[in-house]
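A single structure is presented below for examination.
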Amino acid sequence: MKVDNADFTGKVIDFTLFLAEQGFIDEMAELPKWQTRTRVTYHDPCHLKTQGIVKEPRALLRALPNVEFVEMDGASSCCGLGGTFSVYHYETSKAIGARKIAGLEESGAEMIATACPGCIMQLQDVINHAGLKVKAVHILDLIAESVGITLPPE
């Protein structure tokens, strides 16, 4: 039996697009900026970059009152995770990810945000290997913080 998922898949969009369409980004931009903001840069996950979703995540980060957004060189380069690629080719995966470090360091960011849980794991691994004090986070973590939601400790 063949299942036709076209009706469903045509309705699925990235959350940053959804928030932009709902006016959330504009609403967040109107909030007063916090006195102490976290310097955050952004990593483009491959699955969003290939769909052309690059402006919305940045617009969202720029709008958050708790974030000082800074762009980094190499933001759109792959982090090296690639699904199971990093499991079967860890050293190569780590080398690909390590290319992100120079841009991250130059940005002066305290955090690197992305919209991909896999990228978060990969980025944190290469950050740890480089000895940096930068935390990889999901954009949703920063949204939660901006609206006063305290996340449980890791």
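The values are calculated or read from the model by the stated rules, or taken from the named source; none is laboratory data. No experiment lies behind these values; they were computed from the predicted model shown. Cβ sites come from the backbone with ideal geometry, for glycine too, and all protein chains shown count toward neighbours.
Looking at (1) of a type in the set (Lys, Arg); (2) exposed (fewer than 15 other Cβ atoms within 10 Å of the Cβ); (3) modelled with pLDDT under 95, find the lone condition where Lys49 falls short.
With (1) of a type in the set (Lys, Arg); (2) exposed (fewer than 15 other Cβ atoms within 10 Å of the Cβ); (3) modelled with pLDDT under 95 applied to Lys49, the lone miss is (2).
Which of the residues spanning region 75-118 are assigned to a loop (DSSP other than H, G, I, E, B), more than 30 Å from Leu31 (Cβ to Cβ), touching a Gly at 6+ places or on another chain (Cβ under 9 Å) and not charged (D, E, K, R)?
Residues satisfying the conditions are Ser77, Cys78, Cys79, Gly80, Leu81, Gly82, Gly83, His89.
Now for a different question. Residues in region 21-29: is at least one free of Cβ contacts under 8 Å to residues at least 12 places away in the same chain, loosely packed, with under 12 Cβ neighbours inside 10 Å and on the phi > 0 side of the Ramachandran plot?
Yes.
Restricting to region 1-28, give me the number of residues that are within 19 Å of His138 (Cα to Cα) and part of a helix (DSSP H, G or I).
Count: 9.
Quick check: is even one residue across region 64-85 at pLDDT 95 or above, within 30 Å of Gly10 (Cβ to Cβ) and over 13 Å from the mean Cα position of the chain (by Cα)?
Looking through region 64-85, at least one residue is at pLDDT 95 or above, within 30 Å of Gly10 (Cβ to Cβ) and over 13 Å from the mean Cα position of the chain (by Cα).
Which one of the conditions (1) more than 15 Å from Asp44 (Cα to Cα); (2) over 14 Å from the mean Cα position of the chain (by Cα) does Gly103 fail to meet, given that it meets all the rest?
Every listed condition holds for Gly103 apart from (1).
Regarding Glu154, is this residue of a type in the set (Asp, Glu), surrounded by 16 or more Cβ atoms within 10 Å (Cβ to Cβ) and either modelled with pLDDT under 95 or under 23 Å from Ile13 (Cβ atoms) (or both)?
Numbers: of a type in the set (Asp, Glu): yes; surrounded by 16 or more Cβ atoms within 10 Å (Cβ to Cβ): no; either modelled with pLDDT under 95 or under 23 Å from Ile13 (Cβ atoms) (or both): yes.
Judged against the criteria, Glu154 is not a match.
I would also like to ask the following. Could you check Glu145 against (1) assigned to a helix (DSSP H, G or I); (2) charged (D, E, K, R); (3) surrounded by fewer than 16 Cβ atoms within 10 Å (Cβ to Cβ) and say which number it fails?
(3)
Here's a follow-up. Glu91 - would you say it is of a type in the set (Asp, Glu) and surrounded by 14 or more Cβ atoms within 10 Å (Cβ to Cβ)?
Judged against the criteria, Glu91 is not a match.
Out of the residues in region 122-154 meeting the condition of being aliphatic (A, V, I, L, M) and within 11 Å of the chain's Cα centre (by Cα), tell me which one is nearest to Thr84 (Cα to Cα).
First pass over region 122-154, keeping only residues aliphatic (A, V, I, L, M): 123, 126-127, 130, 132, 134, 136-137, 139-140, 142-144, 147, 149, 151.
Applying the additional criterion that residues be within 11 Å of the chain's Cα centre (by Cα) yields 123, 136-137, 139-140, 142.
On the way: Leu123: 15, Ala136: 20, Val137: 21, Ile139: 23, Leu140: 24, Leu142: 27 Å.
Per the criteria, the residue is Leu123.
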